[in-house]
Amino acid sequence: MLRGLTGAGLGRIENDEKLIELAGAHGFQAVDIDAASLVNRHGIDKARELLASNNVVIGTIGLSVEWRTTEEAFLEGLKNLASSAAAAAALGCTSCCTYILPSTDLKAARFMAQATRRLRLCAQILGAYGIRLGLEFVGPHHLRTRWANPFIWTLEETLEWIDAIGESNVGLLFDAYHWYTNGLTVADIDALRVDQIVHVHINDAPNVPVEEALDNGRVYPGEGVIDLVGFLQALDRIGYKGAISQEILTAEAPSESPEELVLRSKAGFDKVFGAAGL
């Protein structure tokens, strides 16, 4: 498995180039960035050189298409999806991810129908470039009632939705925080096939009742109460070899510098990966 970073948890980081440099300097092997923007700034060859010189790969790109709101917004975003996918593929990235909010102000049945069609089309475009689409279920309890109508927040529901979308390149973005806030166990990971997982996020939770764990209240790996050793060992058992990317969402931006925060991140990764024997 590759140790990875997102910008979330590193404070006011200047740009993706800085993230790449910090990752490489501190032994991280993957970064989650916007491949198209990197290519636009540097061209494909120099972007490849930047990644290679820092010994990192792109773990995933984000789905740039707004599939949750209006048809107009969806179609507008869809125009650039092929170019985003082409840039990612040119840089060796095979993953694109998006999240599913657990409630919505829209009528849930109609939203489901619209979202299924939209995500299916996104998956088809991504698939033409050899890229998989990862869907992230979101577990924190406070978001389940944040909007008017409940939607999807469990692993089981997400897997059922993936089946309904019906494209072979659609799978899970599996996040430790959402695994924890759903009350899941290592047995639930052991029950998965490795091909069902597109990408993984790692983070930790404070020592509060699980139903009080806020989405933007995360802590760094090894600083909280999530069984990250069991989480990593289960992923290893089923054969997952991709990126494990840190994503720390907090209510306020951290005051430390990105350099200090990446060292804190490295210490957390060393702690939990070491305890897991990985």
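The values are calculated or read from the model by the stated rules, or taken from the named source; none is laboratory data. A quick note: this is a predicted structure, and the numbers were derived from the prediction, not measured. Cβ coordinates were reconstructed from backbone atoms using ideal geometry, including for glycine residues, and neighbour counts include every protein chain displayed.
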Counting just the residues of segment 237-251 that are among the aliphatic types (A, V, I, L, M) and surrounded by fewer than 24 Cβ atoms within 10 Å (Cβ to Cβ), which one comes out nearest to G62 (Cα to Cα)? L249
Please go through segment 7-50 and pick out each residue that is surrounded by fewer than 23 Cβ atoms within 10 Å (Cβ to Cβ), part of a loop (DSSP other than H, G, I, E, B) and not small (G, A, S). R12, I13, E14, N15, H26, Q29, D34
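Going by the structure shown, is L261 under 18 Å from the mean Cα position of the chain (by Cα) and not in a loop (DSSP other than H, G, I, E, B)?
Working: under 18 Å from the mean Cα position of the chain (by Cα): no; not in a loop (DSSP other than H, G, I, E, B): yes.
Considered against the rule, which asks whether it is under 18 Å from the mean Cα position of the chain (by Cα) and not in a loop (DSSP other than H, G, I, E, B), L261 comes out as no.
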I'd like to check something: does segment 258-278 contain any residue that is under 16 Å from G11 (Cα atoms), among the acidic types (D, E) and either touching a His at 6+ places or on another chain (Cβ under 7 Å) or surrounded by fewer than 18 Cβ atoms within 10 Å (Cβ to Cβ) (or both)? yes
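Go through segment 211-236 and report how many residues are among the polar types (S, T, N, Q) and more than 26 Å from V57 (Cβ to Cβ). Let's see the steps before the verdict.
Looking only at segment 211-236, we keep the residues that are among the polar types (S, T, N, Q), and these are 216, 233.
Okay, now just the ones that are also more than 26 Å from V57 (Cβ to Cβ), so 216.
Within segment 211-236, residues that are among the polar types (S, T, N, Q) and more than 26 Å from V57 (Cβ to Cβ) number 1.
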Go through L278, L228, L184 for me and flag whichever is within 22 Å of L101 (Cβ to Cβ) and aliphatic (A, V, I, L, M). L184
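Considering only residues that are assigned to a helix (DSSP H, G or I) and over 20 Å from the mean Cα position of the chain (by Cα), look in segment 58-77 and name the one that is surrounded by the most Cβ atoms within 10 Å (Cβ to Cβ).
Of all residues in segment 58-77, those assigned to a helix (DSSP H, G or I) come to 71-77.
Still in the running and over 20 Å from the mean Cα position of the chain (by Cα): 71-76.
Working: E71: 10, E72: 9, A73: 13, F74: 19, L75: 13, E76: 12.
Restricting to residues being assigned to a helix (DSSP H, G or I) and over 20 Å from the mean Cα position of the chain (by Cα), the top hit is F74.
Being touching a Pro at 6+ places or on another chain (Cβ under 9 Å), under 17 Å from L184 (Cβ atoms) and not β-branched (V, I, T) is true for just one of L235, L228. Which residue is that? Walk me through how you get there before you give the answer.
On the way: L235 fails: touching a Pro at 6+ places or on another chain (Cβ under 9 Å).
After ruling out the rest, the residue left standing is L228.
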Give me a count of the residues in segment 214-259 that are of a type in the set (D, E) and without any contact (Cβ under 8 Å) to a residue 24 or more places away in the chain. 1
Among L126, L119, L91, which is at pLDDT 95 or above, touching a Lys or Arg at 6+ places or on another chain (Cβ under 8 Å) and closer than 17 Å to L173 by Cβ? L126
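Is it true that A85 is crowded, with 23+ Cβ neighbours inside 10 Å and touching a residue at least 40 places away in the same chain (Cβ under 8 Å)?
Working: crowded, with 23+ Cβ neighbours inside 10 Å: yes; touching a residue at least 40 places away in the same chain (Cβ under 8 Å): yes.
In short, yes.
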With the checklist (1) of a type outside the set (F, W, Y); (2) surrounded by 21 or more Cβ atoms within 10 Å (Cβ to Cβ); (3) part of a loop (DSSP other than H, G, I, E, B) in hand, flag the one item A234 doesn't pass. (3)
Within segment 205-216, can one find any residue that is touching a Ser or Thr at 6+ places or on another chain (Cβ under 7 Å) and part of a strand (DSSP E or B)? no
If you take the residues of segment 170-191 that are surrounded by 17 or more Cβ atoms within 10 Å (Cβ to Cβ) and among the small types (G, A, S), which of them is farthest from I61 (Cα to Cα)? A176
